[in-house]
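One structure is given below, encoded as structure tokens.
The values are calculated or read from the model by the stated rules, or taken from the named source; none is laboratory data. Please read these numbers as outputs of a predicted model, since none were measured by experiment. Please note: Cβ atoms are built from the backbone with ideal geometry, for glycine as well, and neighbour counts cover all protein chains shown. For the accessible areas, the whole protein counts, side chains as well, though only heavy atoms, and no ligand, DNA or RNA atoms are used. Shrake-Rupley method; radii C 1.70, N 1.55, O 1.52, S 1.80 Å.
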Amino acid sequence: MTIRTRFAPSPTGYLHIGSARTALFSWLFARHHGGKALLRIEDTDKARSTQEAVDAIYHGLAWLGLDWDEEPVLQSSRAARHQQVALELLEKGRAYKCYATPEELEEMRRTAQAEGRTTFYDRRWREPQQATPQGMPPVIRLKMPLEGETVIEDAVQGRVTVANTQLDDFVLLRSDGSPTYMLSVVVDDHDMGITHIIRGDDHLNNAFRQYYLFQAMAWDIPVFAHIPLIHGADGAKLSKRHGALGVESYHQMGFLPEAICNYLLRLGWGHGDAEIISREQAIEWFSLEKIGKAASRFDMAKLTALNAHYIKEKPTQELYALLEPFLVEKYHGLSGEQEHWLRQGLPALQERAKTMRELADMAGIYAGMPPFALTEKGKAAWTAEVKQQLTALQQPLTQISPWTKETLEHTLKVFADTHRLKLGAVMMPLRLALTGDTASPSVFEIMAILGKAETLFRVSTLLHDKNAAVQ
Ligand code: GLU
């Protein structure tokens, strides 16, 4: 049997970070088994579905590196087929026409509420005693079992049981002939040959109803795997107030897709102690059995730590390309010289940055224009004494030739010895002049990359900067 999974998002907003995990799990499961991972856009709710949201799904998945086999299925294009199945069920006697009016349904709902029942429809049209009303289009309902219980062996949740009295004869076709979500999902899953339905456990209740729809059509029932939802750090279901929810926002915040995928995978799934898991390893190791049953909590600090790891590991050339949009946004483009500097300085910066946005900030050493505004720490460090040292450093710096890391190191060591200073104390004023901050990668490296003229220019700029008042 070839495994076939699907990811079936409703395009009503951004690609939710929780949906991204569902997509990842479906994809990994298919890839692990050498099967097919399919995509279905559930756009039947015309009022809420937008093209923008469809595009956000495509972009988000592509950004995460999740590709799909076969053409994506647009659920809305299959309405005629969904209707046909409802009519077939009607013919087979597995479904029936129901003419209950909105007022009657409301009445039934009220009674059910008063009696504390979750199902309300009283099945009055299942074996009708009354005459069919004229000129009133019916809905079509599925005949559900009246007693007993339904058991689903869920690949994640284990055995789940529901009393059949909890399951009502749900609607397959509305009175305007439009198929309901419940019908569309089952017909599509069958027609797409889906063997494993992997999705959020908010759909577990639907599974019991869908189960009977498969059965009524004498179709194979796929394996269900309902994965727990992601909660916020406070334990509540992940919602807007927990911050960004769309995958695109994480991209904007400067997260790499590798970090997001690694994080989402580890959230509720594990392979021994492995924390850093490559795509290849994930495909090799993924299994539904190891998905936890409990909801997992979204932990921004963990995601950020993973992101720092992936930034560090990224080949510098590739990282530069990924950084470019952030550079454009922040510096409106770089001169050839700035780009040349930054490419050389990037390896040291990527060691330190936790997000691409932070990396773009750090890139200011090479991409920014002096004078550099001193940071708070920089301001505190800019004392009369430090200013004096920087003045004194100008002369020996001017004389260095050739201008290399080694000659710089040598000259500044001699300077420190002569003035009975620690090397660190000599570097501080230079660091302030070059970066405006008290922390940065090696000052020797920065000076070597910027060259003599730019270094001396920055030193002199800080010395003459009227906005940089000494403390
Ligand atoms: N379209 C549904 C959703 O976005 C998923 C349906 C399913 O996976 O069966 O929640």
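Worth pointing out:
- Checking each residue in region 383-409 for being among the hydrophobic types (A, V, I, L, M, F, W, C), in contact with a helix residue (DSSP H, G or I) (Cβ under 6 Å, 6 or more places away or on another chain) and either over 15 Å from Leu456 (Cα atoms) or open to solvent by 30 Å² or more (accessible area, probe 1.4 Å) (or both) picks out Val386, Trp403.
- Test: residue in region 361-372 that is of a type in the set (Val, Ile, Thr) and under 26 Å from Leu423 (Cβ atoms): yes
- Applying the condition of being among the charged types (D, E, K, R) and in a loop (DSSP other than H, G, I, E, B) to region 249-277 and asking which residue is surrounded by the fewest Cβ atoms within 10 Å (Cβ to Cβ) yields Asp273.
- When each of Arg48, Arg6 is tested for being of a type in the set (Lys, Arg), touching a Leu at 6+ places or on another chain (Cβ under 9 Å) and within 14 Å of the ligand (Cβ to nearest atom), the lone residue that passes is Arg6.
- Every test in (1) touching a Pro at 6+ places or on another chain (Cβ under 9 Å); (2) within 15 Å of the ligand (Cβ to nearest atom); (3) within 19 Å of Val139 (Cβ to Cβ) is passed by Ile57 save one, and that test is (3).
- Annotation: of all residues in region 140-179 being under 29 Å from the mean Cα position of the chain (by Cα) and within 16 Å of the ligand (Cβ to nearest atom), the one that is nearest to Ile291 (Cα to Cα) is Val156.
- Checked across region 207-227, the condition of being aromatic (Phe, Trp, Tyr), within 20 Å of Arg21 (Cα to Cα) and within 16 Å of the ligand (Cβ to nearest atom) holds for at least one residue.
- Those residues of region 17-34 which are more than 12 Å from Gly200 (Cα to Cα) and either open to solvent by 20 Å² or more (accessible area, probe 1.4 Å) or within 13 Å of the ligand (Cβ to nearest atom) (or both), in sequence order: Arg31, His32, His33, Gly34
Residues checked against (1) crowded, with 16+ Cβ neighbours inside 10 Å; (2) part of a loop (DSSP other than H, G, I, E, B); (3) in contact with a Gly (Cβ under 6 Å, 6 or more places away or on another chain); (4) polar (S, T, N, Q):
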| residue | (1), (2), (3), (4) |
| --- | --- |
| Arg78 | yes, no, no, no |
| Leu90 | yes, no, no, no |
| Tyr96 | yes, no, no, no |
| Glu106 | no, no, no, no |
| Arg110 | no, no, no, no |
| Ala114 | no, no, no, no |
| Arg117 | no, yes, no, no |
| Tyr121 | yes, yes, no, no |
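- Meets criteria (modelled with pLDDT under 95 and open to solvent by 20 Å² or more (accessible area, probe 1.4 Å)) for Arg174: no
- Residues (surrounded by fewer than 17 Cβ atoms within 10 Å (Cβ to Cβ) and closer than 14 Å to Asp201 by Cα) located in region 138-159: Glu153, Gly158, Arg159
- Residues of region 60-72 that turn out to be away from the ligand (no atom under 15 Å from the Cβ), in a helix (DSSP H, G or I) and surrounded by 15 or more Cβ atoms within 10 Å (Cβ to Cβ), as a count: 2
- Of residues in region 238-248 being assigned to a loop (DSSP other than H, G, I, E, B) and not aliphatic (A, V, I, L, M), the one surrounded by the most Cβ atoms within 10 Å (Cβ to Cβ): Gly243
- Residues of region 184-200 that are in a helix (DSSP H, G or I) and either within 11 Å of the ligand (Cβ to nearest atom) or in contact (Cβ under 8 Å) with a residue 60 or more places away in the chain (or both): Ser184, Val185, Val186, Val187, Asp188, Asp189, Asp191.
- Among the candidates Ala416, Ala453, residue that is of a type in the set (Gly, Ala, Ser), without any contact (Cβ under 8 Å) to a residue 60 or more places away in the chain and open to solvent by less than 70 Å² (accessible area, probe 1.4 Å): Ala416
- Among residues of region 99-113 that are without any contact (Cβ under 8 Å) to a residue 12 or more places away in the chain, those with a Cβ under 7 angstrom from a residue that is open to solvent by less than 40 Å² (accessible area, probe 1.4 Å) and polar (S, T, N, Q), sequence gap 6+ or separate chain, pair up as Ala112/Thr119.
- Residue match in region 35-52 (condition: part of a helix (DSSP H, G or I) and buried (at least 19 other Cβ atoms within 10 Å of the Cβ)): no
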